[in-house]
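See below for the structure under consideration.
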Amino acid sequence: MENIKEFLNQDDVLSRVHQFELEREEERIFINVREPLVNSDKGAFIAVPSLITQECGNTDYVGLGDSVEEALKDCLKRIKGMPLRQIIPE
C-alpha cells in the first residue's frame with residue numbers, strides 16, 4: 001500500500017479487516033480479524049466476534065476504484081479530517 005499515509009491524519013491508525021461469517025443452525029455471527037497496517041504500535045492480529053455491521057449510508061463518503069487500494073485511497077480522501085460520528089451517525 002504505497003503512499004497511503006498521505007491520505008491519513010497524523011494520528012490515524014489504519015488496519016485491514018478480514019471478515020468471516022460463521023453460521024450455526026439458524027444463527028450467524030461475523031468474526032472480524034484486524035491486521036494493523038499503518039501507524040499502529042500493536043503488531044498482533046486480533047479476532048473479534050460481532051453481531052452487527054453498520055455501514056455508511058451517505059454516498060459522499062464511499063470510495064470508488066478499479067482495485068481495493070484505489071477504492072480505499074478514494075474513501076480515505078473523502079473522509080480525511082472528518083469526525084467519524086459524522087461519517088456513520090449513531
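Listed residues Ile79, Ile29; which is farther than 18 Å from Ile4 by Cα and surrounded by 10 or more Cβ atoms within 10 Å (Cβ to Cβ)?
On the way: Ile79 fails: farther than 18 Å from Ile4 by Cα.
That would be Ile29, the only listed residue that is farther than 18 Å from Ile4 by Cα and surrounded by 10 or more Cβ atoms within 10 Å (Cβ to Cβ).
Does Glu25 fit the bill of being modelled with pLDDT under 90 and on the phi > 0 side of the Ramachandran plot?
Values: modelled with pLDDT under 90: yes; on the phi > 0 side of the Ramachandran plot: yes.
So Glu25 fits the description; yes.
Out of the stretch 34-68, which residues are in a helix (DSSP H, G or I) and modelled with pLDDT of 85 or more?
Hits for the stretch 34-68 are Asp60, Tyr61.
The values are calculated or read from the model by the stated rules, or taken from the named source; none is laboratory data. Small disclaimer: the values here were computed from a predicted structure and weren't measured. Neighbour counts are summed over all protein chains in view; Cβ atoms, including those assigned to glycine, are modelled from backbone coordinates with ideal geometry.
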